[in-house]
């Protein structure tokens with residue numbers, strides 16, 4: 001595969017002297033965070049026993065009618081606000097008609113012509129700067145149930161727990177150009193929704209899935225190529241793999257002089273390839289029409305304004321504030337704001353540190369030591385074994401010279417054993433840094449006396465031996481000697 | 001008391017409250033008469049023994065504050081009844097027993113009503129003669145081998161034949177008013193949003209409306225008072241101030257302006273219908289109301305519009321009957337095969353016809369030409385009425401273009417069958433209330449009805465007009481119990 005990536009923002013496919021560009025648009029299905037379903041009062045809790053969270057409405061019993069869940073409407077509008085999008089004061093629920101065993105009504109209630117949210121945008125923080133991705137629309141719809149094909153050789157089982165759960169379908173414009181941008185887009189979208197509390201973004205539980213539209217064209221050409229839609233991809237990694245495969249497949253077809261059929265494809269995660277699911281000719285005719293069981297959804301300006309007042313500081317604004325307030329780099333700020341819980345943790349650490357803050361040290365400890373531990377133990381920051389309060393104390397101990405960075409690392413290890421107070425560890429284990437010049441001079445004199453010959457060699461020009469003396473001093477002090485002071489005093493004494 | 005079943009609902013209520021009759025006596029009379037009337041085939045499911053137990057229970061601790069104290073009532077088999085089989089007269093729901101109760105029936109039981117059984121109707125309420133029922137034709141008590149109308153044919157026959165004091169039907173395009181007209185009874189289709197659709201097997205959601213059917217206007221008013229409630233479980237239910245329809249009933253319609261739409265004088269309408277209409281006009285005048293000639297210019301488009309909108313919604317509403325979750329299933333070698341067999345065997349031909357029409361008019365490439373255009377015409381029809389109501393308070397028309405016809409006469413001619421609804425469908429398309437009252441007989445002695453159409457939410461007004469006309473018309477139903 002001749003993929004050229006001059007820098008990370010350019011993803012091009014080269015065949016001979018031809019350079020192809022990949023055009024990607026995403027339809028993300030985000031499960032609305034809500035206790036009950038879009039049109040019924042059943043619970044939406046994940047992982048319950050099959051068919052235990054199903055109401056008569058969800059199972060489409062005769063005479064049952066949908067009643068809109070106002071909370072889900074609020075969540076969709078909030079998400080729209082987070083995407084800087086047009087909120088439509090009047091939207092319409094339509095029926096999308098098709099038969100399937102896990103679709104009890106024989107239709108999905110969705111929004112077709114008049115979605116609740118119109119055009120908006122998402123800003124991606126790419127290594128070479130910002131990239132704006134347009135949002136085409138966001139609409140509310142019901143999820144289907146789940147067909148389970150692998151429990152019995154002859155039968156398919158149906159679990160309706162998911163049937164009727166509220167989804168937001170967020171449709172991007174075809175503005176994405178590489179798997180990396182797709183990665184950044186999904187992460188940013190998830191981050192915004194997690195800030196808003198409108199979708200937990202949990203891809204393992206299926207709270208975030210996407211249909212990926214891929215087309216290719218010669219770089220510099222304006223017209224879009226024929227696109228293929230890859231259905232229901234449920235991880236960023238698979239999205240990237242699917243795009244990579246699909247883009248190359250399309251380029252190969254063009255190079256062979258063949259045409260690309262507009263079709264729906266599936267991504268086989270085991271074989272790492274996409275394959276045709278149905279062609280345009282076989283596409284369902286969904287016979288959309290306005291659901292006569294539901295009136296058009298109308299919201300007032302006051303309703304929208306009240307929701308705007310509930311919107312928290314979002315990642316882009318937070319990033320800007322972090323940069324202004326804490327004087328940290330855009331790169332550092334991006335990392336800290338990408339997850340609302342990380343941002344919260346960071347701000348808590350900063351708040352607990354008091355007046356004499358060291359931002360550089362703080363950022364390094366969170367994104368370095370702490371992230372490494374979380375990664376290793378596979379924990380979310382909300383489950384961090386070390387509280388923000390105690391990390392703040394540890395950083396302060398370094399900052400005020402009580403302990404060295406090296407000692408701090410070993411204290412950090414101890415702290416994980418039940419979120420221990422670093423001050424206590426320092427006292428209990430006597431790890432306080434030795435910064436008394438007289439005590440250090442005495443120690444250094446002793447070391448020089450014990451190694452007279454080496455001290456003479458050093459004076460004669462064997463400067464490498466300086467490291468040996470530092471090591472001896474640190475060793476004899478049990479690692480507690482203040483390294484900077486040791487350096488200074490040693491230099492002076494060795495010259496004497 | 002052999003005359004119990006001849007009594008009106010209001011006199012039964014009065015007799016119970018005055019302790020002249022017990023609920024058990026009344027219930028037993030209707031049960032016995034129903035037992036003797038099997039030939040009418042009005043019931044799909046009888047619940048007689050339960051009804052008698054409930055009647056006894058009522059008598060043991062009666063509550064006379066209720067509006068229907070211990071009154072037995074049979075209902076159309078389109079209303080879901082908790083624990084009682086509900087079929088919509090279809091094979092596909094042949095074995096379906098709901099675990100829930102429709103709001104409208106619940107309202108009846110809450111006011112002391114007792115379920116007698118579930119009444120026959122056209123399959124999924126699709127039909128005008130009750131001939132599409134999986135459970136067979138209903139006989140009109142007026143004459144042997146005469147259709148009772150439809151879709152609420154069993155309901156109309158049960159009221160007319162005195163198998164139940166009153167009943168409820170549903171009206172999507174005339175399914176209460178046309179059978180009322182064919183059986184010499186009174187039927188009210190309320191304003192869309194007046195009665196909850198929760199728990200009613202859906203035909204066409206934007207048109208379906210439950211309503212009362214009775215022997216007289218006062219009974220109809222009382223039942224409407226009971227069944228019409230605002231229901232948050234139905235998003236199209238409307239929260240408006242509902243009258244005490246029976247209590248507020250008045251014969252004083254002096255000074256009311258009643259419109260006569262010229263477009264309802266259709267070609268080929270029998271002379272006796274025209275004469276009936278003229279008689280009705282005279283009665284209105286005699287009541288002191290004023291007759292005003294009006295125009296509803298889009299009337300002729302109502303029937304084709306209806307036969308696009310209703311099947312479109314039905315094709316989607318009936319998709320849930322797929323053999324997967326409940327009801328009839330025919331085994332197949334895979335899912336699609338199971339769907340096809342289940343739905344081909346489970347639905348009758350009229351239902352299949354409408355599903356196909358509905359699927360067609362919604363399909364891509366045809367949507368704009370049919371469904372969308374029909375929605376536009378529907379708005380024009382509604383605005384016709386809005387214009388007319390600037391001039392008049394209500395509108396008087398015949399209920400049907402003919403009297404009841406023989407069983408089998410129109411069965412193979414759907415167009416001629418659909419034409420039965422020509423005077424009733426505009427009302428559903430406009431969401432308005434309308435009542436059919438018996439107003440005379442044709443040469444064969446079959447009853448004919450007149451329809452009074454009101455403004456939205458003006459049920460009281462049309463009940464009043466019907467009440468005043470009823471007194472002048474002095475209609476007597478000619479029932480000779482031929483089936484006994």
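A short reminder: the numbers here are calculations on the coordinates, not readings from a lab. Computed from a predicted structure; not experimentally measured. Note that we place each Cβ from the backbone using ideal geometry, even for glycine, and neighbour counts take in every protein chain shown.
Projected over all directions and averaged, the alpha-carbon convex hull of the protein assembly as shown occupies 54.7 nm². Per residue of B:312-319, other chain Cβ atoms within 10 Å of the residue Cβ number 6 on average. Using only Cα coordinates, the Kirkwood hydrodynamic radius of the range A:3-307 works out to 20.4 Å. Each DSSP beta bridge with both residues in the range A:227-304 is either parallel or antiparallel, and the antiparallel ones are about 60%.
Using the alpha-carbon atoms, what tilt in degrees (0 to 90, nearest 10) does helix A:465-476 show relative to the longest principal axis of chain A? Tilt of helix A:465-476: around 80 degrees. Highest mean packing first, where packing is the average number of other Cβ atoms within 10 Å per residue, the peptides A:137-150, A:311-324, A:53-66 line up as A:53-66, A:137-150, A:311-324. Diffusion coefficient of chain B by Stokes-Einstein, Kirkwood radius over Cα pairs, 20 °C, 1.002 mPa s: 97 µm²/s. Other protein chain C-beta atoms within 10 Å of residue C-beta, averaged over B:77-84: 1. With each label modelled as a point 7 angstrom along the Cα→C-beta vector, the residue B:53-residue A:364 pair spans 8.3 nm. The protection proxy used here, the mean number of other Cβ atoms lying within 10 Å of each residue, ranks peptides B:316-324, A:39-47 as follows, highest first: B:316-324, A:39-47. From the largest down, the range A:313-452 spans 62, 32, 25 angstrom on the principal axes of its Cα atoms. Peptides B:295-301, A:285-291 ranked from most to least packed by the mean count of surrounding Cβ atoms within 10 Å: A:285-291, B:295-301. Can you bin the range B:26-113 into rounded, prolate or oblate? Criterion: square roots of the alpha carbon gyration tensor eigenvalues sorted a ≥ b ≥ c, rounded for a/c under 1.5, prolate for a/b above b/c, oblate for the rest. It is oblate, given that a/c is not under 1.5 and a/b is not larger than b/c. Placing a label point 7 Å from the Cα of residue A:493 along the Cα-to-Cβ direction, the residues of the range A:422-437 whose backbone N falls under 20 Å of that point are A:432-437. Once you compute Rg and the Kirkwood Rh from C-alpha atoms, what is the Rg to Rh ratio for the range A:437-495? Radius of gyration relative to Kirkwood radius: 0.93. FRET efficiency for the pair residue B:267 and residue A:86, taken as 1/(1 + (r/R0)^6) with r the Cβ-Cβ distance and R0 = 51 Å, rounds to 0.45. With label points built 7 Å along Cα→Cβ from the Cα atoms of residue A:100 and residue A:320, find their separation and express it in nm. According to this spin-label approximation, the distance is 4.2 nm. Taking only the Cα atoms of the range B:173-213, the radius of gyration and Dmax are 10.5, 29 Å.
Compared with the direct C-alpha span, the chain from residue A:256 to residue A:49 gains 69.4 nm at full extension, assuming 0.36 nm per residue. Could you tell me the calculated FRET efficiency between residue A:305 and residue A:123, based on Cβ-Cβ distance and R0 = 22 angstrom, to the nearest 0.05? Result of the calculation: an efficiency of 0.35.
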